[in-house]
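Here's the structure we're looking at; comments come further down.
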Amino acid sequence: MERLRVFLGFALVCLVPMAAGAQGGDDRFQWPSFRGPLASGVADGQNPPTLWDAETGHNVLWKTRVPGLGHSSPVIWDDRIFLTTAVSDDPDPVFRYGPDGRMDRRSDRERNTWFVYAIDRQGGDVLWVREAVAEAPEISRHPKNSYASATPATDGKHVAVLIATGNLFLYDFDGELQWQVDLGPLDSGASYDDTYQWGAASSPIIWENLVIVQADQQEGSFIAAFDVASGEEVWRTERDLISAFSTPTVHAGPERAELITNGAGTMFGYDPMTGAELWRMSGSSNNTTPTPVVDGELIYLTSGYRIRPIFAIRTGASGDISLAEGTNSNDHVAWSSPRDGPYMASPLVYQGYLYVVATNGVLTVFDAATGERAYRRRIGQRGGAYTASPIAADGRVYLTSEDGDVFVIRAGPEYEELAMNSMDEVCLATPAISEGQLIIRTTNHLVALSNGIAPTMAGSKPSSTPFPENLASDQVLAFDDFEDGDLFAHTGVRWHTFTNGVSSADLSLIAGGGASTPAAARVDGTLASGAARGPLAQMYQPFDRGGNPVSLENLGGIRFHARGSHAFELTVRCSGVGFGQRVEVGDDWRLVELGADDLKPVEVPEGAALWDGARCTGLYLSRRGESELGEFWFEVDEFTLYGEDAWESRPR
């Protein structure tokens, strides 16, 4: 199913836009920057898929291996995809993801090598790769950041690349370096502690004949423009602001163009050709990340650190347009809201509605013209963290969680979920869309999705024993013995793997199972640290295709066979809590029997929850913990779930 290409660098997956909205002369749709033309995130008429399956290959055109760590997004021009990556000499560079916002000063100060890649959009082949620079970073990065978080920008002839060292490069489409400029170290960090370095994230943009860079840092912030042809600095405007991580946007109005910037405490509009200030407005939060978005005659500026404002500003403003205390609009501000602004993800304006995604996965939708709230809803009715920005096409909105779940909803004033597609990998990148393809970058792969691609392996099969909504007391559910020669449970749902993004877990079917059965499932992996949730590698089975939770209130016990190199945890996840038991194994098969009374909370402090079997969503076999690091394997077979009465009368 997948075509694997190994890059010489670490993957880059993030959300940093470019303001240029240029399109090709032959009317091909381009995605030249983060979230496409003018950072809008909109690609109507491109018909990207709604449904796909990363496991089976359904609607997966190609999948290119990108080992490592990074957060820049892919950009697309015609049949070329451009992206950047940083390769650390540290074989296990620190990385964390998830909603944990606690201070964490771990970083990677080993030598990094930065690469620029051109990838064939049709087949996933690497067309060329260029090494930009190799050195030890002078500025530390946050464990959730990468040293190559800035997305490239292209105008169809050139590719502009900004890396964390402060070097700005311009390449042509054949990968030949045209010029480079050293901007000095970009010391971006926390607003509340100028010694707490986070690393840069703002991307360059290309407007007309200028490469524009917004460099907000702890001291000496500025925005500057460089001539595309020569690299000479055309203008530079100082900014009396501390660090921010947003990328500017250009709005080309009928009378003038406006270069729009977010920033810590203050937002600005500039003349993009001269850098002269046009307007300013106070009221944004610190640690500002979202990129400005323009729709029609309104500019949408959002931020979300401690305060969470949203502003809808009319284009063409001049001077100080800040709101008077106690007001939410004026001659230049159509409407504003003191809450619901996103911390990380940039907003989306689509078909008359403004979509903002909080880091905890709460989606709030407003009437874009009036600011009236249409609805607020937790995406997918589940928890999780969100860094990627929403995008839209053909009446659909795509929402990507850090866990790699891509929710597709219908655009409009009501929440209607059309699909949930799991990438089976961590994802902090904003996807790109062009000519029927949805390009998604995970921590390990670049994936092209397109309609009409047949699966290369079965995605599900008829269920001989569908998982019941309520397990009966006298029921014996032969959940899985792998004797059918595949990795599907008898409920018709495939087993999956999941890791913390730096660990690995490869699932396969082997000959010879427990109790002389013909086959068993095997996981080979490496448990590694460096993510917020700690070392984690697991094999899991969602109940009922990951749909509605089921009840195991009448569960008597679970029985299966296992062997392996190290102990693992068996966990049943119910009501958001993992209940289970550590399973000791060795080289020989052993029969494991766990009664319902043996299922203790393993993911929360002891005693914080009691097993009641309500709202159960899946079965997990996990290796976790700092004391368990290193390579491992385990094999399992013949999973059977028993109701209470059936458990008492089971074969002994």
Which residue pairs have Cβ atoms closer than 9 Å, lie 6 or more positions apart in sequence or on different chains, and pair a first residue in region 548-560 that is among the acidic types (D, E) with a second residue that is open to solvent by 10 Å² or more (accessible area, probe 1.4 Å) and not in a strand (DSSP E or B)?
-> E553/D612; E553/A614
Please state which of the following conditions G341 fails to meet, knowing it meets all the rest: (1) under 23 Å from A201 (Cα atoms); (2) within 17 Å of the chain's Cα centre (by Cα).
-> (2)
Matching residues in region 331-352 (open to solvent by 50 Å² or more (accessible area, probe 1.4 Å) and farther than 22 Å from A264 by Cα) number 2
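Quick one: is F226 more than 27 Å from D108 (Cβ to Cβ) and open to solvent by 30 Å² or more (accessible area, probe 1.4 Å)?
Working: more than 27 Å from D108 (Cβ to Cβ): yes; open to solvent by 30 Å² or more (accessible area, probe 1.4 Å): no.
Criteria not met by F226.
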Quick check: anything in region 358-367 under 13 Å from F407 (Cβ atoms) and either assigned to a loop (DSSP other than H, G, I, E, B) or in contact with an Asp or Glu (Cβ under 8 Å, 6 or more places away or on another chain) (or both)?
-> yes
S649 fails exactly one of the following numbered conditions: (1) among the small types (G, A, S); (2) crowded, with 18+ Cβ neighbours inside 10 Å; (3) without any contact (Cβ under 8 Å) to a residue 40 or more places away in the chain. What is the number of that condition?
-> (2)
List the number of the failed condition for G361; all other conditions in (1) at pLDDT below 95; (2) out of contact with any Lys or Arg (no Cβ under 7 Å at 6 or more places or on another chain); (3) not polar (S, T, N, Q) hold.
-> (2)
Inspect all residues belonging to region 588-600 and state whether any of them is touching a residue at least 40 places away in the same chain (Cβ under 8 Å) and touching a Cys at 6+ places or on another chain (Cβ under 7 Å).
-> no
Search result, residues across region 353-379 that are buried (at least 18 other Cβ atoms within 10 Å of the Cβ) and under 20 Å from the mean Cα position of the chain (by Cα) | Y355, V356, V357, A358, T359, G361, L363, T364, I379
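I'm trying to understand the selection: among the residues of region 64-85, which are touching a strand residue (DSSP E or B) at 6+ places or on another chain (Cβ under 7 Å) and open to solvent by 10 Å² or more (accessible area, probe 1.4 Å)? Give the steps one after another, and end with the answer.
Taking region 64-85 as the starting set, the residues that turn out to be touching a strand residue (DSSP E or B) at 6+ places or on another chain (Cβ under 7 Å) are 64-66, 68, 70, 72-77, 79-85.
Correct list: R65, G68, W77, D79, R80.
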Might you check whether a residue that is surrounded by fewer than 19 Cβ atoms within 10 Å (Cβ to Cβ) and under 28 Å from the mean Cα position of the chain (by Cα) occurs anywhere in region 245-265?
-> yes
So which residues in region 175-201 are open to solvent by 40 Å² or more (accessible area, probe 1.4 Å), in a strand (DSSP E or B) and in contact (Cβ under 8 Å) with a residue 40 or more places away in the chain?
-> L177, Q178, Q180, Q197
Kindly indicate whether any position in region 212-220 is polar (S, T, N, Q), over 16 Å from D271 (Cβ atoms) and in contact (Cβ under 8 Å) with a residue 40 or more places away in the chain.
-> no
Residues of region 230-258 satisfying the condition of being closer than 23 Å to Y305 by Cβ and in contact (Cβ under 8 Å) with a residue 40 or more places away in the chain = I242, S243, A244, F245, S246, T247, P248, T249
The one condition G383 fails out of (1) closer than 18 Å to P99 by Cα; (2) modelled with pLDDT of 90 or more; (3) part of a loop (DSSP other than H, G, I, E, B) is (2)
Hey, any hits in region 504-523 for a residue that's at pLDDT below 85, open to solvent by less than 10 Å² (accessible area, probe 1.4 Å) and under 15 Å from T443 (Cβ atoms)?
-> no
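The values are calculated or read from the model by the stated rules, or taken from the named source; none is laboratory data. Predicted model, so just to flag it, every value in this text is computed and none were measured. Here Cβ is always computed from backbone atoms with ideal geometry, including for glycine, and neighbour counts include all displayed protein chains. Remember, those area values only see protein heavy atoms, side chains included, never the ligands or the DNA or RNA. Shrake-Rupley method; radii C 1.70, N 1.55, O 1.52, S 1.80 Å.
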